[in-house]
Every structure is written in C-alpha cells, then in structure tokens.
1. Can residue 124 be described as modelled with pLDDT of 95 or more, over 20 Å from the mean Cα position of the chain (by Cα) and surrounded by fewer than 19 Cβ atoms within 10 Å (Cβ to Cβ)?
2. Evaluate the following for residue 103: is it in contact with a Ser or Thr (Cβ under 6 Å, 6 or more places away or on another chain), open to solvent by less than 50 Å² (accessible area, probe 1.4 Å) and either of a type in the set (Ser, Thr, Tyr) or under 21 Å from residue 63 (Cα atoms) (or both)?
3. Mind listing whichever residues of region 207-222 are touching a Ser or Thr at 6+ places or on another chain (Cβ under 7 Å) and open to solvent by 50 Å² or more (accessible area, probe 1.4 Å)?
4. In this structure, does residue 151 turn out to be closer than 21 Å to residue 69 by Cα and either modelled with pLDDT of 95 or more or touching a Pro at 6+ places or on another chain (Cβ under 9 Å) (or both)?
5. If residue 238 meets every condition in (1) among the small types (Gly, Ala, Ser); (2) out of contact with any Gly (no Cβ under 7 Å at 6 or more places or on another chain); (3) under 30 Å from residue 89 (Cα atoms) apart from one, which number is that one?
6. Given the options 99, 24, name the one that is in contact with a Lys or Arg (Cβ under 9 Å, 6 or more places away or on another chain), assigned to a loop (DSSP other than H, G, I, E, B) and of a type in the set (S, T, N, Q).
7. Taking the options 135, 80, name whichever one is over 19 Å from residue 59 (Cβ atoms) and either at pLDDT 55 or above or not acidic (Asp, Glu) (or both).
Amino acid sequence: MNIRSAMAVLTLAVMSCHAQAIGNLADVTVYDRAENRILPVYFHEGRYYVAGRPGNEYQIGVRNQQSGEIMAVVSVDGINAVSGETAHWSQTGYVFGANASYSIKGWRKSLQRVARFFFTELDNSYAARSGRPENVGVIGVAVFRKKQDPAISIGNLRENRREANRADAGAAETQGMPAESAAKSAADTLAPAPASAPPVEKSLGTGHGASERAPVRYTNFERASSSPDEIITIYYDSYRNLLAQGVIRAPQLARPAPFPGQFVPDPR
C-alpha cells in the first residue's frame, strides 16, 4: 500500500464534553462556536443528526480513541475539507497521535490557514458555489488505522517464507474480498437519507468563511487497509426542518387542569 502524504496536527484542542460524541475508533463532535456548545445529536432511523443555526460558525472535533496513530479523512457536504476535491476516502486527511484531539475549524487553504465553516443556506454553501450541491447537509469522517511493521525473528524466518509462498499461491482466489466487503458497508453508511417530509425552510449547507490561523505540517502515513476501519456520518439541517422531518420531536406543552383541587385555599 502506498504511503500517502497527510496533515499532522500541531495544536491539539481538548474537547470539554463527550456526551454528544459519535464513533468508536475516534469520537466526532460538532461544536457551535457562536453558542459555545457541542450540538446535541439526534438519532433517527439509524442516522445521526445535528441542528445548525444559519450564520453560526462551527468546528468538527475529532479525538483519537486509540493507542496508536490514525488518519481521519474529513468530508463536508461531499467535499474533502483539506484538498477541496469531491470527497473520497482514499484522499488526504489529518493524522492524530495516540489519544490526541483536534478541532477542524474550516476548509484548509494552506498549511497555516483555513476558511471557517459556518451554517448557511444551501445556495450560499461552498459546495453549491463550486458547482457540487448534490451532497450538501452531511459531515463524514473516514478513520484509518496505521499499518504496523510485522515482528520477525531469525529463528522462524524460514517458516515465514513458506507461509508467504502458500499465501501467494492462493492470492488469486482471495485478494480483494475484504476490501470489497468494507467498501460495500461504507457505501451503505454513506447512502442518501431516506425521503422524508419536505423542508419548511431552505436547507442548510456549509459556507466558506473568514480566514483563520490553524497551522499543520505534512507527514507520511501508511494505511493498514485501503478501506476505512470506520466511517462516522452526521447529517445536519436547521432545527425547523429536522422538526418537520420527524428527526426532532416537538416538546410536549403542559396543559392546565380545570379541576385540580376541591376547595378554595388561602392566598400566599
């Protein structure tokens, strides 16, 4: 497997709360910078959603839960947040050290700066303005483990060679099967959301906002597999649209009782 160039984070921002984190190999949160809070996650028909407010800047928090390095390929509205390409998990991403975390605050413009993410109407989203509006409204993080060097001792080197020869003999029958299965599973994860009630207001996308300093550096990372070890998907829209679609349940209002007692009590 080829060693691919990736971004190594320099400044690690610790998330203050994990109650709304999604994922196993890595925790992913969506943090509203205007309201200074992690957005609550709503689970509906097997999918995770957050409600954004138009105009509010946000960031994607990723925390590595592993004792070794991982790579996170981050997609916003179907676009790679580092390279700007139409997103595919084979592309570049961010590399996290063991138990490290980082806040991805925008579209990467250079090794030093990003253009801030902010919630905006679909027509004003970066995806729509760059001619790619088809996948607006979803955040994806594809997580890869790092390939580990095998431990080989001199005493069993000959046996290892024999096993390698036997493996080569059967490679024509087995090669590609695990990757195909993983790819199918990942494709199911990223499939479009099922049809639901039409939005009551314009759907949300992510805009290309003000420039902000966010330094990283290049590093090399060799993936253990060509397919992600985990894909974390979070859909988003406005609160009113998620309410209309049944993702968020309307709060039940308390109704006054006409006969709560028997006699007239004294006033306080």
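The values are calculated or read from the model by the stated rules, or taken from the named source; none is laboratory data. This one's a predicted model, so the numbers in the text were calculated from it and none came from an experiment. We place every Cβ from the backbone using ideal geometry, glycine too, and count neighbours over all the protein chains shown. What goes into the accessible areas is simple: the full protein's heavy atoms, side chains included, and nothing from ligands, DNA or RNA. Shrake-Rupley method; radii C 1.70, N 1.55, O 1.52, S 1.80 Å.
1. Criteria met by residue 124.
2. For residue 103, the condition - in contact with a Ser or Thr (Cβ under 6 Å, 6 or more places away or on another chain), open to solvent by less than 50 Å² (accessible area, probe 1.4 Å) and either of a type in the set (Ser, Thr, Tyr) or under 21 Å from residue 63 (Cα atoms) (or both) - is not met.
3. Once the filter is applied, which keeps residues that are touching a Ser or Thr at 6+ places or on another chain (Cβ under 7 Å) and open to solvent by 50 Å² or more (accessible area, probe 1.4 Å), region 207-222 yields 218, 220.
4. no
5. With respect to (1) among the small types (Gly, Ala, Ser); (2) out of contact with any Gly (no Cβ under 7 Å at 6 or more places or on another chain); (3) under 30 Å from residue 89 (Cα atoms), residue 238 is out only on (2).
6. 99
7. Selected residue: 135, the only one of 135, 80 that is over 19 Å from residue 59 (Cβ atoms) and either at pLDDT 55 or above or not acidic (Asp, Glu) (or both).
Per-residue answers, yes or no, for (1) at pLDDT 95 or above; (2) in a loop (DSSP other than H, G, I, E, B); (3) touching a strand residue (DSSP E or B) at 6+ places or on another chain (Cβ under 8 Å); (4) polar (S, T, N, Q):
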| residue | (1), (2), (3), (4) |
| --- | --- |
| 15 | no, yes, yes, no |
| 28 | yes, no, yes, no |
| 35 | yes, yes, no, no |
| 54 | yes, yes, yes, no |
| 58 | yes, no, yes, no |
| 61 | yes, no, yes, no |
